[in-house]
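**Q** Structure below; questions to follow.
The values are calculated or read from the model by the stated rules, or taken from the named source; none is laboratory data. As the structure is a prediction and not an experimental result, all values here were calculated from the model. No Cβ is skipped: glycine too gets one built from the backbone with ideal geometry, and neighbour counts run over all protein chains shown. For the accessible areas, the whole protein counts, side chains as well, though only heavy atoms, and no ligand, DNA or RNA atoms are used. Shrake-Rupley method; radii C 1.70, N 1.55, O 1.52, S 1.80 Å.
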Amino acid sequence: MSNSDAVMPNDLSAFWMPFTANRQFKKSPRMFVAAKDMHYTTADGRQVLDGTAGLWCVNAGHARPKIVEAIAKQAAELDYAPAFQMGHPKAFELANRLVDIAPKGLDHVLFTNSGSESVETALKVALAYHRVKGDGARSRLIGRERGYHGVNFGGISVGGIVTNRKMFGTLLTGVDHMPHTHIIGKNAFTRGEPQHGVELADELERIVTLHDASTIAAVIVEPVAGSTGVLIPPVGYLKRLREITKKHGILLIFDEVITGYGRLGTPFAADYFGVTPDIMVTAKGLSNGVIPMGAVLVSAEIHDAFMGGPEHVIEFFHGYTYSGNPVASAAALATLETYKDEGLLTRGAELAPYFEEALHSLKGLPHVIDIRNIGLVGAIELEPIAGQPTKRAFSAFLQAYEQGLLIRTTGDIIALSPPLIVEKSHIDQMVGTLSNILKTLE
Ligand SMILES: Cc1ncc(COP(=O)(O)O)c(C=O)c1O
């Protein structure tokens, strides 16, 4: 018998699943086999309401016709074109459409295949920018505690997640971190931006004093930290970071992988907070999660700094085989069209008050120590079970799935970020299901 004959088609062991409790999953698998609009269909034929837009990426909802058609058409017409020294029209068109919807001043686009790659690309642009300007001593990168910037070495170095530090060695050198802004003791149950904590931005001044501005290339933050539990910046915090970075000639990078493409009720978080970074990192909602794609937007000043030197020489020594892939570009263009047709990049603003009210109705239920929200993203933080962190929220996740609702949990925090086509009735269902679960959760 050959090796392949021995593999049963339903054997789950070969696939080592990402960010998953593999043994638990394989004992009791949770399989989706189809999806449409706001719902998944499970292998056993149940409908599950998507409370998380997949992994914060399916902003237009599932299996949207324009996107499906565009992908099929493009795959038949031009499946692949080399990304280096060759081009195809859709990548250029997409870059233009992105610049059209991006905050003013972000005029050039580099394409990637994921949020993690977008982060690495942004950090490399920042380092190289200072070099081409003759300021190569600026090599230090500043991130933030509880920051999540994907899984590659640059991203986990500027990120502030303890497991990455424990498991993967010393990471990049020359990195420092600002404190996170989650001060639950003062800001619990805040609706929207918390009042307390703007002074945490001044920690950047302390870091500048320690290292000297002349050694610092860039600061990277998520405007709203998503994956570590929906940490919303205090009023005025991002503006102050912008002032400090500008004053010291340090580039400001916003990682908008989650906040981009309408999540906060504005096209980007930069629009919501009225703060424009020098570099904006995006992915996820760019192509509605259907085909992997990311985009990094940079200012003209950064782009133009690279455009000296002989014309036959590659200006920026970086790129991916699939940067601006034709099928991904077609998917992203159709995604942006769908957003435009249905006003999805701002729809979150209309629904945010209803979402906020519904979410905060869970205050007072057992174990709930905080509820927070902004745009169409919200979090319910639970008191951890003593000595067993993450278990309580994971148990809520499993129960929600059984009761027909997909939520996301991180630590003991439940996060909700529905597709932007969500209706009030869906919000009622999400909150109703969570309310039932929280009442009996151990
Ligand atoms: C802020 C942020 N940056 C980067 C990433 C990494 O994106 P990807 O998983 O597409 O590599 C994520 C993913 O959740 C994210 O939330």
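**Q** Any residue in region 152-170 that is at negative phi sitting within a Cβ distance under 6 Å of a residue that is within 12 Å of the ligand (Cβ to nearest atom) and of a type in the set (Ser, Thr, Tyr)? List the pairs, counting only those 6 or more apart or interchain.
**A** Once the first residue is at negative phi and sits in region 152-170, its partners that are within 12 Å of the ligand (Cβ to nearest atom) and of a type in the set (Ser, Thr, Tyr) give Asn152/Ser116; Gly155/Ser116; Gly159/Tyr148.
**Q** Can you pull out every residue in region 265-288 that is over 12 Å from the mean Cα position of the chain (by Cα) and of a type outside the set (S, T, N, Q)?
**A** Once the filter is applied, which keeps residues that are over 12 Å from the mean Cα position of the chain (by Cα) and of a type outside the set (S, T, N, Q), region 265-288 yields Gly265, Pro267, Ala270, Asp271, Tyr272, Phe273, Gly274, Val275, Pro277, Asp278, Ile279.
**Q** Would you confirm whether any residue within region 193-213 is within 13 Å of the ligand (Cβ to nearest atom), among the small types (Gly, Ala, Ser) and touching a strand residue (DSSP E or B) at 6+ places or on another chain (Cβ under 9 Å)?
**A** No; the residues of region 193-213 include none that is within 13 Å of the ligand (Cβ to nearest atom), among the small types (Gly, Ala, Ser) and touching a strand residue (DSSP E or B) at 6+ places or on another chain (Cβ under 9 Å).
**Q** One residue is enough: does region 428-442 have a residue meeting the conditions within 24 Å of Arg64 (Cα to Cα), among the hydrophobic types (A, V, I, L, M, F, W, C) and open to solvent by less than 50 Å² (accessible area, probe 1.4 Å)?
**A** Yes, region 428-442 contains at least one residue that is within 24 Å of Arg64 (Cα to Cα), among the hydrophobic types (A, V, I, L, M, F, W, C) and open to solvent by less than 50 Å² (accessible area, probe 1.4 Å).
**Q** Still on this structure: Inspect region 66-77 for any residue being touching a residue at least 12 places away in the same chain (Cβ under 8 Å), in contact with a Ser or Thr (Cβ under 7 Å, 6 or more places away or on another chain), open to solvent by 70 Å² or more (accessible area, probe 1.4 Å) and within 11 Å of the ligand (Cβ to nearest atom) and give the result as yes or no.
**A** No, region 66-77 has no match at all.
**Q** Also, quick follow-up: Can you name the condition, by its number, that Gly309 falls short on among (1) touching a residue at least 24 places away in the same chain (Cβ under 8 Å); (2) small (Gly, Ala, Ser); (3) over 16 Å from Lys124 (Cα atoms)?
**A** (1)
**Q** Quick one: how many residues across region 228-277 are open to solvent by less than 10 Å² (accessible area, probe 1.4 Å), in a loop (DSSP other than H, G, I, E, B), more than 16 Å from the ligand (Cβ to nearest atom) and under 28 Å from Asp412 (Cα atoms)?
**A** Looking only at that region, the number is 2.
**Q** Can you tell me which residue in region 386-420 is least open to solvent (accessible area, probe 1.4 Å), limited to those that are assigned to a loop (DSSP other than H, G, I, E, B) and of a type in the set (S, T, N, Q)?
**A** So the residue we want is Ser417.
**Q** Could you please give the count of residues in region 197-219 that are open to solvent by 10 Å² or more (accessible area, probe 1.4 Å) and over 18 Å from Ala126 (Cα atoms)?
**A** Total meeting the criteria: 9.
**Q** Out of curiosity, is Ala128 farther than 29 Å from Ser214 by Cβ, open to solvent by less than 30 Å² (accessible area, probe 1.4 Å), away from the ligand (no atom under 16 Å from the Cβ) and not polar (S, T, N, Q)?
**A** no
Residues checked against (1) modelled with pLDDT under 95; (2) open to solvent by 50 Å² or more (accessible area, probe 1.4 Å); (3) within 20 Å of Thr338 (Cβ to Cβ); (4) within 16 Å of the ligand (Cβ to nearest atom):
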{"position": "Phe25", "(1), (2), (3), (4)": "no, no, no, no"}
{"position": "Gln85", "(1), (2), (3), (4)": "no, yes, no, no"}
{"position": "Ala91", "(1), (2), (3), (4)": "no, no, yes, no"}
{"position": "Ala95", "(1), (2), (3), (4)": "no, no, yes, no"}
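**Q** Test Gly324 against the stated conditions and say whether it is touching a residue at least 60 places away in the same chain (Cβ under 8 Å) and open to solvent by 10 Å² or more (accessible area, probe 1.4 Å).
**A** Spelling it out, it is not the case that Gly324 is touching a residue at least 60 places away in the same chain (Cβ under 8 Å) and open to solvent by 10 Å² or more (accessible area, probe 1.4 Å).
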